[in-house]
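Asker: Pasting a structure here, questions to come.
Taken together, the values in this text are just the output of simple stated rules run on the coordinates, not laboratory data. Since the model is a prediction, treat every value here as computed from it, not as a measurement. Every residue, glycine as well, gets a Cβ built from its backbone with ideal geometry; the counts of neighbours run over all protein chains shown.
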Amino acid sequence: MIITVQKPLEEIMKMLEGYDKIVIIGCNTCAALCQTGGEEEIKEIVEKLKDEKQIMGTIAVETPCDVRISKRDLRALNKQIEEADAILAMACGVGVQSIADLTKKNVVPALDTKFLGMVERVGRFYERCRMCGSCTLFDTGGICAISRCPKGLLNGPCETVSNGKCEVGGWKDDCVWALIWDRVNQLGRVDSLKKYQPERDGSLKATLGELVWTE
Amino acid sequence: MPKVSSSVVAKLKDGKFVTVAELEVNSQTSIEKLLDRAKSLQNSVDSVIVSRDPKSSLYLNNLIPCFMMKEKLKLEPIYSADTRDKNRLGLFSDILTASQLGLTNIIVSTGIHTTTGTYIKAKPVFDVDAVQLITMIRDVTNGKGFSGGVPKTTGFDIGAVVGFDHSRPEMEEMMIQKKKDAGASYLVTLPIYESEKAKMIANRTSKIGIPLVVTIYPIDSVETANSLGKVFADAKPPEDFLNRVREIEKGPTKAETKNKEISNVNRNLIDVLVKELKTIKGVSGCNIVSTKFDVIKVPS
């Protein structure tokens with residue numbers, strides 16, 4: 001799940017300055033679950049904008065990040081999009097870009113994309129993957145050291161861990177390596193942690209990610 | 001233990017108790033004061049750890065003071081490297097420079113997180129961790145280079161910092177073992193004020209067979225104690241010692257006299273602690289952070 005938060009209204013209004021006719025496009029998947037860009041949130045933002053802007057149309061696309069779905073769903077608003085001065089996109093950064101590519105309009109992002117997260121329940125989202133491209137979750141008992149250790153350490157905890165707590169935030173949160181140790185210990189596989197883990201391959205995330213299937 | 005390049009490691013190898021001082025580069029403009037402090041330590045210490053950006057702040061680079069201490073003062077500096085601010089290319093640029101400057105001893109730590117310091121918006125790098133950096137220095141020292149083929153350096157002794165989390169002793173032992181296997185010849189603790197704590201760590205390090213040097217951080221004010229506690233949770237000076245510092249701070253005497261009195265209180269603490277440390281099996285030396293006082297005579 002891509003976790004998003006809504007930008008402050010003032011920031012959105014500033015970006016919309018000079019644009020009168022607006023189309024609002026939301027996301028009915030991740031942003032809807034985060035309550036930042038689903039049907040309800042579109043209604044709410046319409047209420048906030050309607051006195052100052054001319055709302056030409058609104059739609060919550062099922063998955064705006066999927067160009068095929070966006071293309072299909074946005075057909076219903078083709079005319080309004082053509083006439084609009086700008087589009088307010090209530091989707092993650094990928095959704096915003098796919099909408100911009102398709103419409104070739106000024107697109108105002110209404111959300112900030114925070115992280116790839118696990119949903120415990122609505123309103124409780126936790127980052128669990130940094131998409132490093134080189135998964136070591138088997139060794140660490142299914143707990144990610146790259147995303148959950150603020151230093152992304154691969155060989156064990158740093159020197160400042162105290163009573164199983166992390167220095168970042170003042171020793172209130174669990175040190176993820178303490179959690180990993182406990183989990184792997186419980187699984188009877190502590191030896192897997194004792195292995196030297198070589199440095200990460202920086203090239204994996206050094207350039208634009210692209211995956212194109214070939215035969 | 002790998003090939004020995006520095007005299008302090010030679011002494012550790014011989015089983016002798018070493019006395020190290022640590023000086024933090026804590027100025028953005030000048031290293032004069034630091035060199036003055038170093039000069040005052042010339043005849044008292046085996047080596048000087050020159051640490052950089054203590055507590056994740058912004059100060060001058062520590063390579064130059066290391067070089068100056070070696071060239072001008074004939075001290076044996078230990079260059080401190082951490083993984084917070086530079087990727088492997090940046091780190092090794094400094095390490096190659098250290099080699100060219102004739103430095104022979106490097107101590108490696110992970111580094112305090114950027115969010116704990118003054119410049120919280122700076123990007124934390126941590127491209128490699130401490131174990132990986134030790135391994136890479138060892139490989140370069142042995143002429144292996146690392147991916148990309150860095151030329152052979154003059155050879156370094158490598159130290160590492162050891163944590164003291166007591167909640168999972170086996171996990172701490174794993175870290176000690178990993179650092180030793182990676183190529184560390186000795187370990188240095190974070191600041192400690194109780195010999196019992198040192199004993200607990202020494203039990204682990206002696207089991208694994210690596211010398212341990214215990215760090216003592218003198219406290220010049222209650223504020224220093226508080227700020228130290230913000231970066232090292234377990235670095236808590238004894239309450240009676242802190243009360244004495246507090247009393248002196250609040251007292252009517254002039255600043256200069258207060259400084260002298262606080263220096264004496266610290267001296268007493270260090271004297272007692274070092275005497276105790278010398279009796280602990282597995283403790284091979286002490287490292288006294290000497291930045292805050294003009295002269296702290298290190299007990300012989």
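Asker: Quick one: the Cα spread of the protein assembly as shown along its three principal axes, in angstroms, biggest first?
Answerer: 86, 66, 45
Asker: Follow-up. Considering only lysines 8 or more places apart in sequence, or on different chains, count the pairs in segment A:67-154 whose C-alpha atoms sit under 27 Å apart.
Answerer: Close lysine pairs found across segment A:67-154: 9.
Asker: On average, how many beta carbons from a partner chain sit within 10 Å of the beta carbon of a residue in B:120-128? Intermediate values should be presented prior to the final figure.
Answerer: On the way: counts 0, 0, 0, 0, 4, 2, 8, 4, 7.
That works out to 3 on average.
Asker: On to the next question. Output the peptides A:52-58, A:27-33 sorted from most to least packed, where packing is the average of other Cβ atoms within 10 Å over each peptide's residues.
Answerer: Numbers: A:52-58: 16.6, A:27-33: 24.1.
Output ranking for A:52-58, A:27-33: A:27-33, A:52-58.
Asker: Follow-up. Taking the highest mean first, how do the peptides A:187-195, B:229-237, A:112-120 order by number of other beta carbon atoms within 10 angstrom per residue? Let's see the in-between values first.
Answerer: Working: A:187-195: 12.7, B:229-237: 18.9, A:112-120: 15.3.
Per-residue mean Cβ counts within 10 Å order the peptides as B:229-237, A:112-120, A:187-195.
Asker: Tell me, how many Å apart are the Cα centres for segment A:1-64 and for segment B:24-79?
Answerer: Here the answer is 56 Å between Cα centres.
Asker: Separate question: Can you give the Rg and Dmax of chain B based on its C-alpha atoms, in angstrom?
Answerer: Over chain B's Cα set, Rg and Dmax evaluate to 18.5, 63 Å.
Asker: Count, for each residue of B:259-268, the Cβ atoms from other chains sitting within 10 Å of its Cβ, then give me the mean as a whole number. Mind showing how you got there, number by number?
Answerer: Working: counts 0, 0, 0, 0, 0, 0, 0, 0, 0, 0.
The shielding value for this peptide is 0.
Asker: On to the next question. Kindly rank A:123-129, B:205-211 from highest to lowest mean number of other beta carbons found within 10 Å of each residue. Please list the in-between numbers first.
Answerer: On the way: A:123-129: 13.4, B:205-211: 18.6.
For the peptides A:123-129, B:205-211, the packing ranking is B:205-211, A:123-129.
Asker: Separate question: Taking each residue in A:122-128, count the Cβ atoms of any other chain within 10 Å of its Cβ, then average. What number comes out?
Answerer: Details: counts 0, 0, 0, 0, 0, 0, 0.
Mean shielding count: 0.
Asker: Please enumerate, by chain and number, the lysines with C-alpha under 29 Å from the C-alpha of B:K258, excluding those fewer than 8 residues away in the same chain.
Answerer: List returned: B:K33, B:K39, B:K55, B:K230, B:K236, B:K250, B:K275, B:K292, B:K297.
Asker: Next up: What residues qualify as long-range amide H neighbours of B:I78, i.e. H under 5 Å apart, gap of 5 or more or another chain, H built at 1.01 Å from N?
Answerer: Hits under the 5 Å cutoff: B:V48, B:I49, B:V50.
Asker: Treating the angle as unsigned and between 0 and 90°, give the value, to the nearest 10°, between the Cα long axis of helix A:176-186 and the longest Cα principal axis of chain A.
Answerer: Here the helix axis deviates by roughly 60 degrees.
Asker: Given H placed on each backbone N at 1.01 Å, which residues far from B:I219 in sequence or on other chains put an amide H within less than 5 Å of it?
Answerer: The list, which skips near neighbours in sequence, is empty: none.
Asker: Cα atoms only, segment A:130-199: Rg and Dmax in Å?
Answerer: Final numbers for Rg and Dmax: 11.6, 32 Å.
Asker: Taking R0 as 22 Å, what's the FRET efficiency between A:M15 and A:L211 from their Cβ-Cβ distance, rounded to 0.05?
Answerer: Details: r = 32 Å, r/R0 = 1.44.
Efficiency for this residue pair is about 0.10.
Asker: Compute the distance in nm between two label points, each set 7 Å from the Cα along the Cα-to-Cβ direction, one at A:E82 and one at B:N226.
Answerer: Simple spin-label model gives 6.7 nm for this pair.
Asker: Under unit Cβ charges (Lys, Arg +1; Asp, Glu -1), what dipole magnitude, rounded to 20 debye, does chain B have relative to its Cα centre? Let's see the in-between values first.
Answerer: Numbers: 42 positive and 35 negative charges, 88 e Å.
In debye, rounded to 20, chain B gives about 420.
Asker: Given labels modelled 7 Å from the Cα in the Cβ direction, how far is it in nm from B:L73 to B:D36?
Answerer: Output for this residue pair reads 1.2 nm.
Asker: Oh, and also: Any chance you could tell me what percent of the C-alpha pair distances in segment A:1-114 go past 22 Å? Write out the running numbers ahead of the final one.
Answerer: On the way: 1267 of 6441 pairs.
Cα-Cα pairs in segment A:1-114 separated by more than 22 Å: 20 percent.
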